[in-house]
1. Once each part is reduced to its C-alpha centroid, what is the distance from segment 71-130 to segment 16-48 in angstrom?
2. How would you order 38-46, 70-78, 24-32, 11-19 from highest to lowest mean count of nearby Cβ atoms within 10 Å?
3. For percent of Cα pairs over 17 Å apart, pick the label among (1) 58; (2) 52; (3) 62 that corresponds to the value derived from the coordinates.
4. So what's the back-of-envelope 222 nm ellipticity for the chain, counting only DSSP H runs of four-plus at -39500 (n - 2.57) apiece and dividing by all residues, rounded to 500?
5. Counting Lys and Arg as +1 and Asp and Glu as -1, what is the net charge of the other residues whose Cβ lies under 11 Å from the Cβ of GLY37?
6. Can you tell me the length gained on complete extension of the stretch SER82 to ILE56, counting 0.36 nm per residue apart and subtracting the Cα distance?
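Any read-out appearing in this document is the output of simple, stated calculations on the displayed coordinates, not a laboratory observation. Every value quoted in this text rests on a predicted model; they were computed, and no experiment measured them. All Cβ positions, even for glycine, are placed from backbone atoms using ideal geometry, and neighbour counts span all protein chains on display.
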Amino acid sequence: MNVPANLFYTEEHEWVRLEEDGTAYVGITDFAQSELGELVYVEVETVGESLNTGEIFGTVEAVKTTSDLFMPVAGEVLEFNSELDESDGDNPTKVNESPYEDGWIVKIKVASEDEVRALLSAEAYNELIG
């Protein structure tokens, strides 16, 4: 299972890549996408909203299931990946093909970089998923 060392992780299988400017990219892990199977739809209607840790920022839909996406840290949702958006690129399988690069889901402005750094390390996430 691919678990990059430069990312932070949640127990709900989201990852966070913190950028130098205080923004961060958020997506679901390789483990999560493999458990869900091929994604057919990604919905995010929270762009422009400030959300708290644990609040739902969107959903992913696979052939047999739909899962909520939870904010890994408090912050403002700045952007939804246009490649995934039904009205633009409409290619939700990017999440399956490249969960840590092209398949990011949202870009956020984090409220606290310390909160990001308090998430699971790659090592701790690997232990979680076994």
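1. 3
2. 24-32, 70-78, 11-19, 38-46
3. Comparing each candidate, only (2) matches the computed number.
4. Helix contribution divided over all residues of the chain: -4000 deg cm²/dmol.
5. For residues surrounding GLY37, the net value is -2.
6. 7.4 nm
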